[in-house]
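The values are calculated or read from the model by the stated rules, or taken from the named source; none is laboratory data. Model, not experiment: these values are computed from the prediction. For neighbour counting, all protein chains shown are included, and Cβ atoms are generated from backbone atoms with ideal geometry for every residue, glycine included. These area figures cover heavy atoms from the full protein model, side chains too; ligands, DNA and RNA do not enter into them. Shrake-Rupley method; radii C 1.70, N 1.55, O 1.52, S 1.80 Å.
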Amino acid sequence: MYVTGRLLGLVAVGAIPTIVHPEYYVVVGWFLLCLAVVFIDVLCAGRTTVLMIGRSASDPIRLGDSTTSTLFVTNIGTRVFRGELRDAWQPSAGATSVRHRLRIPGGERRSVTTDLLPTRRGDRLAIRVTVRRRGPLGIAGRQRSQFVPGQVRALPPFDSRKHLPSRLARLRQLDGRSAVRIRGQGTEFDSLRDYVEGDDVRSIDWRATARRRSTVVRTWQPEKDRHIMIVLDTSRTSAGRVEDVPRLDSAMDAALLLAALAAHAGDRVDLIAGDRRIHRRVTSTKGIDLLSNLVNAMSSLEPTLLEADWPLLGAEVARLSKQRALLVLLTPLEPAAIEESLLPTLAVLAQRYRVVIGSVSDPALPAMVAERGDTKSTFDAAAAARSIEQRERMASAVGRLGVDVIDAVPEKLPPALADHYLTLKSRGLL
């Protein structure tokens, strides 16, 4: 049961007879009268169990988009049901318009809709549905809560997809669909076609020319079916916020752009996400299912307050591929974390794979270095300069192992990583 604000008004009215006759039996009598009124109102309110509630499934959405969740409420009783319904969700689901007034004749069904705007990635869950049915006096009523399963999956926003068209244009140039196909390092035989003026005579296929009795040349294209392995670091360093966005989310954005580009290039992409253990693994993925598999795997990933176990992650990489591949490590370029765990593993990985480290840098550091107006800002500038120097020193140490380092601010890391991939592909280094 529940009571409304009218009960307070009823109790307050009891102050009048109490003032006129200040006796204890007046107070007790009025108290018993209020209890009787509440009991009668609850009894006359009717049952809340006459409602059957179901929920429709909500499609996954990208973080920042809105969606709805619909409840179907059926009155299996014979009386008209008048009351209220509250559809409660996790706060991060961003639920609005959660309270709904109901008027459902007996044997009929109504639908109510709750608007959702998730503020965090992952599965946002419904908590419970509460139904209230008020008595005829409006003083009290009956209340029942039940769990009606429901969730909405908020996928990574993939803000860097705006850079995809320009990179695909460059990829088409590499593929030869908008440029002449010529032989070179990192290319493979594609097809034969008739000779046209301007073709390199060294591309003439003399055997095919003899068979067809017309000049035929060979065409070439960049090698396809390359192997790209992306490792997402979900350790404590990935929890740091840069421009109010976790480093892990910025790394996911870079991984999605690279994966989408590699999929259009016909390459195979694997994803490993972990720290002290492997949290997600997406393997042997190509084609149109790639992005769907990746965003669903990444949607519920959260940083953990643990150091990364790079020997474990390196062993998982070696298990996935024993052949030459492009290995992209998306991890913050933090000197302490890299020196303690990553460097020994990196020395082994660099001998087998083409390794690239993608790191999110903080754009506030250069601004702090330039600001030296007072004592406090001067000390801040010194700390920022030291941090920048340590990152540059660490990048130099990693570079001596033959590892490429891309250290960029969140909005520039995805296109920079994609450009580096295209550069490697054009030079035949994958």
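Quick notes on this structure:
- Looking at T130, T96, T113, just one residue is more than 30 Å from A259 (Cα to Cα) and crowded, with 18+ Cβ neighbours inside 10 Å, and that residue is T130.
- So R62, is it open to solvent by 30 Å² or more (accessible area, probe 1.4 Å), modelled with pLDDT under 90 and more than 15 Å from R133 (Cβ to Cβ): no
- The stretch 147-171, subset part of a helix (DSSP H, G or I) and either polar (S, T, N, Q) or in contact with a Gly (Cβ under 7 Å, 6 or more places away or on another chain) (or both), residue most open to solvent (accessible area, probe 1.4 Å): S166
- Options V217, V231: the member that is more than 30 Å from L320 (Cα to Cα) and either open to solvent by less than 40 Å² (accessible area, probe 1.4 Å) or at pLDDT below 85 (or both): V217
- The one condition from (1) over 30 Å from V112 (Cβ atoms); (2) open to solvent by less than 80 Å² (accessible area, probe 1.4 Å) that Y25 does not meet is (2).
- Within the stretch 28-55, considering residues that are charged (D, E, K, R) and surrounded by 15 or more Cβ atoms within 10 Å (Cβ to Cβ), the one nearest to Y2 (Cα to Cα): D41
- With a requirement of 2 or more residues that are among the aliphatic types (A, V, I, L, M), free of Cβ contacts under 8 Å to residues at least 60 places away in the same chain and exposed (fewer than 13 other Cβ atoms within 10 Å of the Cβ), the helices (runs of 4 or more DSSP H) lying completely within the stretch 340-430 that satisfy it span 364-370.
- Qualifying residue in the stretch 17-34 (condition: among the small types (G, A, S) and free of Cβ contacts under 8 Å to residues at least 60 places away in the same chain): yes
- Checking each residue in the stretch 251-266 for being more than 15 Å from V231 (Cβ to Cβ) and open to solvent by less than 10 Å² (accessible area, probe 1.4 Å) picks out L257, A260, L261, A265.
- Any chance A273 is in a helix (DSSP H, G or I) and in contact with a strand residue (DSSP E or B) (Cβ under 9 Å, 6 or more places away or on another chain): no
- Where strands (runs of 3 or more DSSP E) fall wholly inside the stretch 36-123, the ranges with 1 or more residues that are β-branched (V, I, T) are 51-55, 67-75, 99-104, 109-116.
- Among the residues of the stretch 237-249, those identified as open to solvent by 10 Å² or more (accessible area, probe 1.4 Å) and in contact (Cβ under 8 Å) with a residue 40 or more places away in the chain are T237, A239, G240, E243, V245, P246, R247, D249.
- Taking the stretch 288-320 as the range and being under 24 Å from P165 (Cα atoms) and open to solvent by 40 Å² or more (accessible area, probe 1.4 Å) as the test, the residues that pass are I288, D289, L291, S292, N293, N296.
- Residue pairs meeting the criteria (Cβ under 9 Å; at least 6 apart or on separate chains; first over 24 Å from P246 (Cα atoms) and of a type in the set (S, T, N, Q), in the stretch 312-330; second open to solvent by less than 10 Å² (accessible area, probe 1.4 Å) and in a helix (DSSP H, G or I)): none
- Residues in the stretch 11-48 that are in contact with a helix residue (DSSP H, G or I) (Cβ under 7 Å, 6 or more places away or on another chain) and either within 26 Å of R103 (Cβ to Cβ) or among the aromatic types (F, W, Y) (or both): W30, V37, V38.
- The set of residues in the stretch 101-160 that are hydrophobic (A, V, I, L, M, F, W, C), more than 22 Å from W89 (Cβ to Cβ) and touching an Asp or Glu at 6+ places or on another chain (Cβ under 8 Å) comprises L137, I139, A140, F158.
- Count of the stretch 328-339 residues, restricted to those that are open to solvent by 10 Å² or more (accessible area, probe 1.4 Å) and not in a loop (DSSP other than H, G, I, E, B), is 4.
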